[in-house]
1. Looking at Leu140, is it modelled with pLDDT under 95 and of a type in the set (A, V, I, L, M)?
2. Can you pull out the residues in region 47-87 that are under 14 Å from Ala159 (Cβ atoms) and among the β-branched types (Val, Ile, Thr)?
3. Tell me which strands (runs of 3 or more DSSP E) are completely within region 1-60 and hold 2 or more residues being over 17 Å from Ala73 (Cα atoms), or say none if there are none.
4. Quick one: Ile83 ticks every box in (1) farther than 14 Å from Leu161 by Cβ; (2) surrounded by 12 or more Cβ atoms within 10 Å (Cβ to Cβ) except a single one, so which number is it?
5. Select from region 25-51 the residues that are touching a helix residue (DSSP H, G or I) at 6+ places or on another chain (Cβ under 7 Å), closer than 18 Å to Ala144 by Cα and surrounded by 15 or more Cβ atoms within 10 Å (Cβ to Cβ) and list them in ascending order.
6. Can you name every residue in region 132-159 that is among the hydrophobic types (A, V, I, L, M, F, W, C) and in contact with a Leu (Cβ under 8 Å, 6 or more places away or on another chain)?
7. Just need a number here: residues in region 117-131 that are assigned to a strand (DSSP E or B) and either farther than 14 Å from Trp16 by Cα or among the charged types (D, E, K, R) (or both).
8. Select from region 147-164 the residues that are buried (at least 18 other Cβ atoms within 10 Å of the Cβ) and either aliphatic (A, V, I, L, M) or in a strand (DSSP E or B) (or both) and list them in ascending order.
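The values are calculated or read from the model by the stated rules, or taken from the named source; none is laboratory data. These numbers were taken from a predicted model, which means no experiment stands behind them. Ideal geometry is used to build each Cβ from the backbone, glycine not excepted, and the neighbour counts take in all protein chains shown.
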Amino acid sequence: MNLVPLASVDASALRWLRTAEEPAEYTLSAGDARVAVVRWPAAGGSASSAETAEGRWTLQRRGFLTTHLTLRAEGAPADAARITVHVGLHRGENYHRIEFAGGPRYRFHRAGVQLPAWQVTDDGSVELVHIEPVREGRALQGAAVLVSDAGLAAKELVALLAFTWYFIVLVWFEDETLLPLEQAMSDLELR
């Protein structure tokens, strides 16, 4: 099934669904219409790709001490966008920064302490996108995606949706990877 432009679907009914296990693949859909696909070519790596009717991108995590994620149009010499990852409070601000080259900047953060949901807001704290992950056991199966009227006005919305989903999946995969280690440490403490 071909991908359709985001502007051609009901953006109030968006959802990410896991469509392949190994390697992982998630598809953004509205009803039966497929809008985007994010794929990981190999298990355990951070490099992936995103495809939409509007374009194709490569996605990757870079850096060690100052981690950031990049979104690059396929074949382009420079990054189209970057997520700068902030762990904990950074200068009194608790969010990650999304910057499109020569374009807008957004804040990306958890919706709350107890909520597994994520939000994309502008610098004035106006919510553009709300993403509610859905899991089965510990496995991430998908998410409901709510786009506000302000979010619909963003020309880079489809890239923003693919890029933020990439980030969420990476975080989730890292949590799944740490679970056996946490269990082993707990077992050692019980002895």
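1. Yes, satisfied.
2. Thr52, Thr58, Thr70, Ile83
3. Result: 14-20, 25-30, 33-39.
4. Result: Ile83 fails condition (1) only.
5. If the condition is that a residue be touching a helix residue (DSSP H, G or I) at 6+ places or on another chain (Cβ under 7 Å), closer than 18 Å to Ala144 by Cα and surrounded by 15 or more Cβ atoms within 10 Å (Cβ to Cβ), then Tyr26, Leu28, Ala30, Val35, Ala36, Val38 are the ones that fit.
6. Matches in region 132-159: Val134, Ala144, Val145, Leu146, Val147, Ala150, Ala154, Leu157, Val158, Ala159.
7. Final tally of qualifying residues: 5.
8. Val147, Ala154, Leu157, Val158, Ala159, Leu160, Leu161, Ala162
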